[in-house]
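First the structure, in the form of structure tokens, and then the observations on it.
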Amino acid sequence: MVDFARSPRSTIGVEWELALLDADSLDLTPAAEGLLADVAEHAPDFENRIVGEMLTNTIELVTGVHTNVAGIAGDLCETMATLRSLTEPRRIELMCAGTHPFAQWQTQEIRPKDRYLELVDRTQWWGRNMLIFGVHVHVGIDSRDKVLPIVNALLGYVPHLQALSASSPFWGGTDTGYASNRAMMFQQLPTAGLPFQFDTWADYESYVQDMLKTGIIDHINEIRWDIRPSPNWGTVEVRVCDGMPTLEEITAITALIQCLVDDFSARLDAGETLSTMPDWFHAENKWRAARYGMEAIIIENAQADERLVTECLTDEIERLSPVAERLGCLAELQSISTLIDQGVSYQRQREVFRTSGSLTEVTRSLINDLRLSKP
């Protein structure tokens, strides 16, 4: 049996992966171990909020559990300030995007943790290529029976979230032609990518048992789907998003995710059946959003109707506004319209490269985006 911890409905938490950069070269730097030691010595209250990841060039900020997006913003601001107090004496810059514009995967160091070393040993070239950064959003679910219907319904919003957060057009010094190259890379790992659509919790448990029995995974957390149940926390975890450079983008997309999940939860309580689509539509939508970003024409429903993703987002903002008002995140949800007008990260990065011809300048713009951002 896979026990699912019950959480208060629609509570939220965020995990934000940050890249560590040398202040002079703006290339990635393997500074995580030293920073984590600094946290333990100088800021022990933040040891559960500033943590390591697979590569030594990455630090992850982990929030507590909050009822609203404003709480997430305040939490991340406080943790970021603490982290900067430790990075600046070491001349380390911070940046967030789905990928670093010019860093080379061959030179990156893996943290000496068994689970990371085992992953790379198993996956070899693809595992070594995981030079990527993301943002994960957890939303509390108050009943296990709601989890799989909500996961299945959220699949219809993968292209919306992928396009909005797309920030990885460059990888290894090359324009990939994709808005989110990270999305295409991460799904190469076993058990990553889009989730299967299960009808019952027993079906999901049977899948987990098969994965454990055959040695595909040793722990349930090794199921790395873009959207997954997180049984230990009692949440649905949305892992679709590229790393986002600013707090404004994180709060906007967190608001969208919270509103979607809360709306689905309320509709299930009212006895509704949530809409789903065939797996092949979801796979196509993910590819279109990763390739074309905000210019993607996506499949909207099981009848194969199609529309521009920005038109779909505009309608969702209007539809979800009453939910957002009740949850206290109306301003953050409506700020998605501003993001669409100003351009999301992959668009801004390409514009900097168009005018400067320099990936170093693209990287500098991402550093400045983070420094200047505010909730």
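The values are calculated or read from the model by the stated rules, or taken from the named source; none is laboratory data. Given the structure is predicted, the values throughout are model-derived calculations rather than measurements. We place every Cβ from the backbone using ideal geometry, glycine too, and count neighbours over all the protein chains shown. Side chains are part of the model used for accessible areas, which takes the heavy atoms of the whole protein and leaves out ligands, DNA and RNA. Shrake-Rupley method; radii C 1.70, N 1.55, O 1.52, S 1.80 Å.
Under the Kirkwood approximation for Rh and a Cα-based Rg, what ratio Rg/Rh is obtained for the range 101-143?
On the way: Rg = 14.5 Å, Rh = 12.7 Å.
Rg/Rh: 1.14.
Taking loop as defined by DSSP and a crowding limit of 16 other beta carbons within 10 Å, which GluC sites (Glu not before Pro) in the range 5-57 fit?
Here the sparse-neighbourhood loop sites are E47.
I want to verify a result. In a Gaussian network model of the chain, Cα cutoff 10 Å, which of these has the top mean-square fluctuation: I253, I141, I217?
I217
Got a sec? Charge dipole of the range 171-301, +1 on Cβ for Lys and Arg, -1 for Asp and Glu; which of C259, M184, V208 is way out at the positive end?
M184
Dipole size in debye (nearest 20) for the range 1-80 around its Cα centre, Lys and Arg Cβ +1, Asp and Glu Cβ -1?
So the magnitude is around 580 debye.
Just the number: Rg to Rh for the range 208-308, Cα atoms, Kirkwood Rh, two decimals. Don't jump to the answer; show the numbers that get you there.
Details: Rg = 16.3 Å, Rh = 16.3 Å.
Here Rg/Rh amounts to 1.00.
Once you charge only the Cβ atoms, +1 for Lys and Arg and -1 for Asp and Glu, what is the size of the charge dipole of the range 50-189 about its Cα centre, to the nearest 20 debye? Please list the in-between numbers first.
Numbers: 11 positive and 13 negative charges, 35 e Å.
Approximately 180 debye in magnitude.
Find the accessible area per residue for the chain; the probe is 1.4 Å, ligands and nucleic acids are left out, and the unit is Å².
Computed with neighbouring chains in place, this is 41 Å² per residue.
What three numbers, in Å, describe the spread of the alpha carbons of the chain along their principal axes, ordered from the longest?
58, 47, 37
Nothing charged except the Cβ atoms of Lys and Arg (+1) and of Asp and Glu (-1): what's the magnitude of the dipole of the chain about its Cα centre? Round to the nearest 20 debye.
So the dipole magnitude of the chain works out to roughly 400 debye.
Gaussian network model of the chain, Cα springs within a sub-10 Å range: biggest mean-square fluctuation belongs to which of R84, R122, R288?
Greatest mean-square fluctuation among the candidates belongs to R122.
Which trypsin sites (Lys or Arg not before Pro) in the range 212-280 sit in a loop by DSSP (not H, G, I, E or B) and have at most 11 other Cβ atoms within 10 Å of their own Cβ?
none
Which of the DSSP-defined H helices in the chain satisfy a minimum axial length of 24 Å, computed from C-alpha atoms, and a minimum mean Kyte-Doolittle hydropathy of -0.5?
Values: long enough: 69-87 (26 Å, 0.77); 247-269 (32 Å, 0.69); 309-327 (25 Å, -0.09).
For the chain, where a helix must reach 24 Å along its axis and average at least -0.5, the hits are 69-87, 247-269, 309-327.
Rank G343, A73, I50 by how far each Cα sits towards the positive end of the charge dipole of the chain (+1 on Lys, Arg Cβ; -1 on Asp, Glu Cβ) and give me just the farthest.
Among G343, A73, I50, the one farthest towards the positive end of the dipole of the chain is G343.
Is the shape of the range 110-204 rounded, prolate or oblate, going by the alpha carbon gyration tensor and its root eigenvalues a ≥ b ≥ c, with a/c under 1.5 for rounded and a/b larger than b/c for prolate?
oblate
Starting from 0 in steps of 5 Å, tell me what percent of the Cα-Cα pairs of the range 290-375 lands in each bin.
3, 12, 16, 18, 17, 15, 11, 6, 3, 0
Quick one: if you stick a label point 7 Å off each Cα along the C-beta vector at W201 and E351, how many nm between them?
4.8 nm
Hey, any idea what % of the chain's accessible area is carbon plus sulfur with a 1.4 Å probe?
Details: 7520 of 15450 Å².
Answer for the chain: carbon and sulfur cover 49 percent of the accessible area.
Extension gain Q188-I297, at 0.36 nm per residue separation less the Cα-Cα distance, in nm?
This chain segment gains 36.8 nm when fully extended.
Let me check the size of the range 236-279 from its C-alpha atoms; what are the radius of gyration and Dmax in Å?
So, for the range 236-279, Rg and Dmax equal 13.3, 39 Å respectively.
Which whole-number percent is the relative contact order of the range 295-375 (Cα, under 8 Å, 6+ apart)?
Once normalised by length, the contact order is 14 percent.
For a quick check of your reading of the filter: which GluC sites (Glu not before Pro) in the range 246-296 sit in a DSSP loop and have no more than 15 other Cβ atoms within 10 Å?
Sparse-neighbourhood loop GluC sites (Glu not before Pro): E272.
Rounded to the nearest 0.05, what FRET efficiency do D341 and L212 give with R0 = 35 Å and r taken as the Cβ-Cβ distance? Could you check?
0.15
Please tell me the relative contact order of the range 18-162 in percent, rounded to the nearest whole number, where contacts are Cα pairs under 8 Å and at least six residues apart.
Relative contact order of the range 18-162: 24 percent.
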